[in-house]
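As structure tokens, the structure follows; a few thoughts come after it.
The values are calculated or read from the model by the stated rules, or taken from the named source; none is laboratory data. Just so we're clear, the structure is a prediction, and the values are computed from it rather than from any experiment. Counting neighbours? That spans all protein chains shown, and the Cβs are built from the backbone with ideal geometry, glycine included. Only protein heavy atoms, including side chains, enter the accessible area calculation; ligands, DNA and RNA are left aside. Shrake-Rupley method; radii C 1.70, N 1.55, O 1.52, S 1.80 Å.
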Amino acid sequence: MDDRDGRSDFIDSPDDPRPSLAPETAAAVDTLVTLWTRTAGTGTPQLSALQLHALLTARTAPGINLGTLAETLDTVPSAASRLCDRLEAAGLIRREPAPADRRSIGLTLTRRGHDALDAVSARRERLLTEVLDRMPEHTRRQLLAGLHGFATASRASEVDRPVPKRP
């Protein structure tokens, strides 16, 4: 089977002269993900990756309802509800009736929720700066170009994935 550029799309096919970059990329990404997730658990409040994802989703989609949040987190509504219970008890989110439909409950970040996300972002930027400063300039530029290319390709493959809807 050929893809758009006429090359075989069989990964690591014996007939494919292109080496797979996936294993090396996965190892590098694992290192980045470890550093990235560590920043969420080292501050106050300490946040799990799932809690952080929920807060980031609520920031980008203010008023998101529980069902849509559950879809976005790829979990069941009851698990998302328990997660929101914990976030609400910590003072990070607030449940409010949606303006368009008072029977629907929307989730919004509190000031403390915004502050927690800002603190995680600041810790991540400090960590990335420390690591990037140890890299040669040309390697930093290559990394940035590669990450931009990766993000573009990733967004293109997400065309069929559900996007959180605003209530």
How many residues of the range 34-47 are open to solvent by less than 70 Å² (accessible area, probe 1.4 Å) and either touching a residue at least 60 places away in the same chain (Cβ under 8 Å) or out of contact with any helix residue (DSSP H, G or I) (no Cβ under 7 Å at 6 or more places or on another chain) (or both)? The answer is 7
| message | Condition first: open to solvent by less than 70 Å² (accessible area, probe 1.4 Å), more than 23 Å from ARG111 (Cα to Cα) and in contact (Cβ under 8 Å) with a residue 40 or more places away in the chain. Can you find one or more residues in the range 49-58 that meet it? | response | no
Scanning the range 100-122 for residues that are touching a residue at least 60 places away in the same chain (Cβ under 8 Å) and of a type outside the set (Asp, Glu), the one most open to solvent (accessible area, probe 1.4 Å) turns out to be ALA100
The condition of being of a type in the set (Val, Ile, Thr), under 16 Å from ALA28 (Cα atoms) and in contact with a helix residue (DSSP H, G or I) (Cβ under 8 Å, 6 or more places away or on another chain) holds, among VAL120, VAL131, only for VAL131
If we keep only residues of the range 1-33 that are among the hydroxyl-bearing types (Ser, Thr, Tyr) and open to solvent by less than 80 Å² (accessible area, probe 1.4 Å), then the residue modelled with the lowest pLDDT is SER8
Can you find a residue in the range 72-87 that is among the small types (Gly, Ala, Ser), farther than 25 Å from THR25 by Cβ and in contact (Cβ under 8 Å) with a residue 12 or more places away in the chain? yes
